[in-house]
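**Student:** Next up is a structure, given as structure tokens.
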Amino acid sequence: MRFDRLVAVLLLLQRREQVTAAEVSRELDVSERTARRDLEALAMAGVPVYSVRGRGGGWSLVGGARTDLSGLTASEARALFLAVGPASGVTPAMKAALRKLVHALPKPFQVEAEAAASSLVVDPQRWGASRIEPRPPRFLDELQDAVIRGVQVSLGYVDGKGVETRRTVHPLGIVAKGPVWYLVSNTETGRRVFRIDRVSSADPTENPVQRPGDFDLAESWNEIAEEVDRKRTPLEVSAVCTPEGIDVLRMALGDRLDVGGPTTDGRVAVVIRGPNEYILAGELSGLVEWVEVTAPPGVRDRMASIGNALVERYGRPRTGGGLHSS
């Protein structure tokens, strides 16, 4: 915690021409003795800070010296240092910029800052998944620049059926969902989302983006994601599950599972979403030890058919056509 506190003291010195130990004490909620020790530690560490004793005295930075950290709180600075770790998900350009920010610290702080930068490893790959790292899509930088500058883009785009079109869009923001990058835009037909790896060309114009005054990228993406989920999993299945099977369902179904309250027989009511009856019946047939589907009838009928097929294939001894040991 002392590293955070020393950065906070330095930022306080930058905001004010002079501070006293009492003012630092009140600002950081520490004792005056601790505040005085921190100010002395800055001076001993080589930070250009000096004290003026007597009435009207205090602590100041020599010549109003500053670092490039003005405006950052200590916790914000620490969060940035964590972000520059070698396995973090930020782009190389962002890592380079954040490392420069680390080096803008006074030298005595750089050891702890660099330690923070190497203290976290983020491995986005699930166990058993491919170790191939996806490359950023080709036009990501151009589209991000257009979002920042607020200019319209003439966009070439290839849809899921391979049909290429061109249109002018108003870029509002970029979202990374897993390994896939999306461009959120306004178009003549309303808000649209484009997979950036399907963009075939991106030519910025000089025309400004028409941006809704109340637009919030995070809120907009949440609405988009919910709409996509509804389209991908329009069918809902009602079922009951044994209490010990809830964790199994969570592992198997993820966010397609909604857990309700207990039923009269001690089981738990659940709702499961999926794309269609056929796929849901196939998934839930492997979970019959814990789950009983109550509706719709079509899923129950398909599960019964799957059960009959399994009995037909595996419920009687095999005869002929097999391998025999001699």
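Here is a yes/no grid of residues against (1) closer than 27 Å to residue 274 by Cβ; (2) in contact with a Gly (Cβ under 7 Å, 6 or more places away or on another chain):
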position	(1), (2)
161	yes, no
169	no, no
182	yes, no
201	no, yes
205	no, no
236	yes, no
247	yes, no
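**Student:** Right, here's the next one. Is there a residue in segment 34-57 that is at pLDDT 80 or above, touching a helix residue (DSSP H, G or I) at 6+ places or on another chain (Cβ under 7 Å), open to solvent by less than 40 Å² (accessible area, probe 1.4 Å) and polar (S, T, N, Q)?
**Tutor:** No, segment 34-57 contains no residue that is at pLDDT 80 or above, touching a helix residue (DSSP H, G or I) at 6+ places or on another chain (Cβ under 7 Å), open to solvent by less than 40 Å² (accessible area, probe 1.4 Å) and polar (S, T, N, Q).
**Student:** Tell me which of these residue 182 doesn't satisfy, since it passes every other one: (1) open to solvent by 30 Å² or more (accessible area, probe 1.4 Å); (2) closer than 15 Å to residue 143 by Cα; (3) over 18 Å from the mean Cα position of the chain (by Cα).
**Tutor:** Single failed check for residue 182: (3).
**Student:** Take residue 259 and decide whether it is β-branched (Val, Ile, Thr), touching a helix residue (DSSP H, G or I) at 6+ places or on another chain (Cβ under 7 Å), at pLDDT 95 or above and open to solvent by less than 60 Å² (accessible area, probe 1.4 Å).
**Tutor:** For residue 259, the condition - β-branched (Val, Ile, Thr), touching a helix residue (DSSP H, G or I) at 6+ places or on another chain (Cβ under 7 Å), at pLDDT 95 or above and open to solvent by less than 60 Å² (accessible area, probe 1.4 Å) - is not met.
**Student:** Give the residue that is surrounded by the fewest Cβ atoms within 10 Å (Cβ to Cβ), with candidates limited to residues of segment 292-306 that are farther than 26 Å from residue 226 by Cα and not small (Gly, Ala, Ser).
**Tutor:** 297
**Student:** Could you look through segment 264-284, keep only residues that are crowded, with 21+ Cβ neighbours inside 10 Å and outside any strand (DSSP E or B), and pick out the one that is farthest from the chain's Cα centre (by Cα)?
**Tutor:** 281
The values are calculated or read from the model by the stated rules, or taken from the named source; none is laboratory data. The structure presented is a predicted model; accordingly, all values stated were derived computationally and were not measured. As a convention, Cβ positions derive from the backbone with ideal geometry for all residues, glycine included, and neighbour counts pool all protein chains shown. These area figures cover heavy atoms from the full protein model, side chains too; ligands, DNA and RNA do not enter into them. Shrake-Rupley method; radii C 1.70, N 1.55, O 1.52, S 1.80 Å.
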